[in-house]
1. Within the set of pairs 6 or more residues apart or between chains, which connect a residue that is under 12 Å from Arg72 (Cα atoms) inside the range 90-101 to a residue that is part of a helix (DSSP H, G or I) and not charged (D, E, K, R) with Cβ atoms less than 6 Å apart?
2. Does Pro26 meet the test of being surrounded by fewer than 15 Cβ atoms within 10 Å (Cβ to Cβ) and either at pLDDT below 95 or in contact with a Ser or Thr (Cβ under 9 Å, 6 or more places away or on another chain) (or both)?
3. One residue is enough: does the range 52-67 have a residue meeting the conditions among the hydroxyl-bearing types (Ser, Thr, Tyr) and touching a Leu at 6+ places or on another chain (Cβ under 6 Å)?
4. Pull out all pairs, ordered by first then second residue, where Cβ-Cβ is under 6 Å, the residues are six or more apart or on different chains, the first lies in the range 27-47 and is over 20 Å from Gln59 (Cβ atoms), and the second is surrounded by 15 or more Cβ atoms within 10 Å (Cβ to Cβ) and among the acidic types (Asp, Glu).
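The values are calculated or read from the model by the stated rules, or taken from the named source; none is laboratory data. What you are looking at is a predicted structure, and each value in this text was computed from that prediction instead of being measured. Cβ placement follows ideal geometry from the backbone for every residue including glycine, while neighbour counts extend to all protein chains displayed.
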Amino acid sequence: MQTTGFIGLGHMGGALARRLAAAGFPLAVHDLSTAACAPFAALGADVCTSAREVADRAQVVFLCLPSVEAARQVAHALAAGSAVRVVVETSTVGPASVREMAGLLGQRGIAVVDAPVSGGPGARRPARCR
């Protein structure tokens, strides 16, 4: 199975990345907080020192970032990556930011999927369909 990248391991991003790890996806992860990365190292993920390193290891990279500026900075780093082909933007950064990111990454042949999440660590899960 190919390595999947994940950048932004806060409350929401960490939960999403843990789900990917539990499903058996090999992960390459990055976060500015070494404490946020530690549990993923224990799960066997490759902890990368930069967003660019994630983009050099994974064809699909998920983002869950706290701000438009953080998303912009990471997009520029990803654009220089050698492996990345799809970026899944789960941050709630707004349509204009996602269009900007798609324009930048599209010039390098990298597709962007806009998939914002909502809620938070305390949000209740909906009941399962039967």
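1. Filtered contacts from the range 90-101: Ser91/Ala71; Val93/Val68; Val93/Ala71; Ser97/Val68; Ser97/Ala71; Met101/Ala75.
2. no
3. Going through the range 52-67, the residues among the hydroxyl-bearing types (Ser, Thr, Tyr) turn out to be 67.
Keeping just the survivors that are touching a Leu at 6+ places or on another chain (Cβ under 6 Å) gives none.
No, because not a single residue in the range 52-67 is among the hydroxyl-bearing types (Ser, Thr, Tyr) and touching a Leu at 6+ places or on another chain (Cβ under 6 Å).
4. The qualifying pairs are Cys37/Asp31.
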